[in-house]
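Okay, so here's the structure we're looking at.
Only the coordinates and a few stated rules stand behind these numbers; no lab work does. Bear in mind the structure is a predicted one, so any value in this text is a computation, not a measurement. All Cβ positions, even for glycine, are placed from backbone atoms using ideal geometry, and neighbour counts span all protein chains on display.
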Amino acid sequence: MNKVLPRACVCAYDALALFAVAVVLSFAFITPAYAYVDPSVMTYAIQAVAGVAVALSTVLGVAFRRTRKKLLNALGVDENARKEHEPRVHRVDASGNVVYTAADEAVQHGRASRAGSHAVRADRPSGYAPKWVMRLAVGMAVSFFAVFTVLVIAPCEIIAGNESSLLFGLSSTWTIFLIPGILIALALSLVLSALRGKVFNAAVLLVFGVGLACYVQVMGFNGGLPTATGATVDWTQYKTIMVISTGVWVVVAVLPWLLSQLNRKMVQFASLFLSVALVLVQGVGLASLFVGNETSKSDDVNYLVTETGMMNVTEKNNIVVFILDGCDTKTDVMPALEQDPSMLSGMTGFTWFQNSTPGICPTREALPALITGKVNAPHSDSANNEKAQNTDYLADLDNAGYDVGLYSDMIPGTTPDTYEHTINGLQDGGERADVIKPNAAETRTALWKCAMYRDLPWAFKPFFWFYTDEINVAMGTTDSDSGDAKTTESGYQIDTTPYITNDAGFYEKLSSTQKLSVVDNDSTGSFRLIHLNGPHYPYILDADAQLSDNSDRVTQTRASFRIVSEYIEQMKQLGVYDDATIIITADHGYRSESNFDCINNELVMSPVMLVKPAQSSTDASRPLQVSQVAVDNVDVMATALTGAPNIDAAEYPDSMLSMQDTDRTRYFYFCIKDETLAEKGWMELQITGDALDANNWTPTGLVYDNSLEQWVYIDDQQEFQDKWLKYLYKNMR
């Protein structure tokens, strides 16, 4: 009993020391980023804190070690008790008799001498030979640290920081990485523990060094890492950081082994201690992601967007809105028509409004604005916006008896007053929700690729480049069970496949595996909003909408219209084309990664706008018409519903088909980013007249400043130029 209490005190002290160091290191942890998938979820401030935290943890380690020795002395605990010691090594003569040296005699009589300091010691590298249990402990510590850092923590942090852009969140995916991570770490631990001597030392410290290098890479060398928007990256711009990060990465990975040449035992123990500490730190960070997720969730019901009804129309009164992401009149459609003059030949009965403007950009703001007809900004447009304040188009459609299908993975399932009106919004916790799960193998492969992109040095990042839809496609290659083929109240077969923006996949279903079909029910009609990638990068489709490694923006524009044309042709074959209202538009026009791409020193953004109303067969067969009436994509829903049966559109904003003004003043709100692509806020631009004429685009001086969280008018021209215009006119300085 006398020995138990001191030992318990020492164990409690060790636990306290480990916890204290872990707490200090936890301040170095990262914060999530929101937008497109961003693997580099780290700010410069956090990097600085990380350095301080590591330094403090080192100081704490030294302090705790020295204090521990004093505690052991005070409690009378012998650290070396019950430990086996190697016998002293002596030289022997030919007869086997020990030959004592002067050093041996000096030690034996207690007289320290210079010769004694050169005697072989047990703690020198060549003399330290840990037993299997110790090798297993060290191997397990470094294995769990390295494996967890790359294969568990990295994918979980990427998902948690970008849930708004991904199909499934952390709560649905964390076990996909944790369980294999544990198995891989255990297997690696056993392999390492089977090694001995120098081989074990080199292997275990290499594993530790690689894990530490990955950790250091994320903490200090991922600043400015491109986000996964799918845009082509010019990696030649990153040559300097490639050289620096690779050098640092190699040094950090090899340094533990080099230090072990001085004192193998000390370095192995240090690697064990740091591995455990960093696993605890990252574990705390991982747990905080779940806590942050729970506290950030609203009380809104969450819906999973499925493909139910996507390939169905009704016998009458069909309203179809295609959103071709980023499809621009001037940059995309007109050049595509030069390549293929017949591209729009199937658009009979349509009017092409070429003088079209967007309401707001980027997509996360533009899609809700398009669906509601509302832009939350002071001017935001015309008298039309004032009328739109009291509209609720989806609710009106639902109440009028329409089957509403909303197919987009860019409108969150928690968006209020949205998916509760649809046939394809599967409520979280509903009877089918438990069978909709991410594809474990595909998700793991995709996110481990992302982890490599994040954790490896810059020189290797191009080999692991990815884009957001790769992750969503992997997650949505479902393990779902459509099972007993239940149907909705409207007669649509429930499809538990989550909707993902995948133009090639959509076209394959439309043209071969499923095709469009008519559902015979008692509904008033159907409404379908289908969000496709359009000419938005990455450019992966040829003109026939087939996957290709050799494409460009104009070619992919042709692919987009190939898809839409196939849909229209099938509507004609089914006999539901004439009385259908069809709108082909975009959430916004063309934009570069950060701001407008000023082509030929022109600053314009014009989302494509093709409109066909319900009409007679004669009108539905007339060739495409062109109009220069000034329209805006927030006019889309009012236009789509005007004239629809059972819909009272008296209080709606004006339909594009009834407008006459070619000089209408419209307002556009563009998200401004600085050199690091951090969002500064929104700038208001006024467009009067032809939207394709850059001279008609004028900044008004009104901005929404994120730092102030309010709209402000800047009348100081120099301040406006320095803080806002220089980021807008990217190539016009």
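Of the cross-linked pairs LYS316/LYS374; LYS449/LYS515; LYS330/LYS509; LYS437/LYS461; LYS572/LYS612, those separated by over 24 Å at the C-alpha level are LYS316/LYS374; LYS449/LYS515; LYS330/LYS509; LYS437/LYS461. Once Rg and the Kirkwood radius are both taken over the C-alpha atoms of the range 239-345, their ratio Rg/Rh works out to 1.31. Residue ranges 534-544, 143-153 sort as 143-153, 534-544 when ordered by packing (mean number of other C-beta atoms within 10 Å per residue, highest first). Taking the average, over residues, of other Cβ atoms within 10 Å as the packing measure, peptides 550-556, 631-637, 470-476, 511-517 rank 631-637, 470-476, 550-556, 511-517 from highest down.
Per 10 Å bin from zero, what fraction in whole % of the C-alpha pairs of the range 678-733 is there, up to the bin with the longest pair? Histogram of Cα-Cα distances, whole percents per bin: 22, 52, 24, 2.
Subtracting the Cα-Cα distance of ASP234 and THR445 from 0.36 nm times their residue separation leaves 73.4 nm of extension gain. Among 154-163, 341-350, sorting by the average number of other beta carbon atoms lying within 10 angstrom of each residue, highest first, gives 154-163, 341-350. Extension gain, VAL626 to ALA202: 0.36 nm times the residue separation minus the Cα-Cα distance gives 145.4 nm.
For the pair ASP716 and PHE269, how long in nm is the line joining their label points, each one 7 Å along Cα→Cβ? Simple spin-label model gives 6.1 nm for this pair.
Roughly what would the spin-label model give for LEU195 and ALA395, points 7 Å off Cα along C-beta, in nm? Going by the 7 Å Cα→Cβ label model, 6.6 nm. Shown is the FRET efficiency for SER616 and GLU338, computed with R0 = 41 Å from the Cβ-Cβ distance and rounded to the nearest 0.05: 0.80.
The modelled label-to-label distance between LEU186 and GLN573, using points 7 Å beyond Cα along the C-beta direction, is 5.4 nm. With R₀ set to 60 Å, the beta-carbon distance separating LEU677 from ALA129 gives a calculated FRET efficiency near 0.65. Between GLN261 and THR665, full extension at 0.36 nm per residue minus the direct alpha carbon distance yields a gain of 138.0 nm. Between the beta carbons of LEU708 and GLU651, assuming R0 = 45 Å, the FRET efficiency works out to 0.80 to the nearest 0.05.
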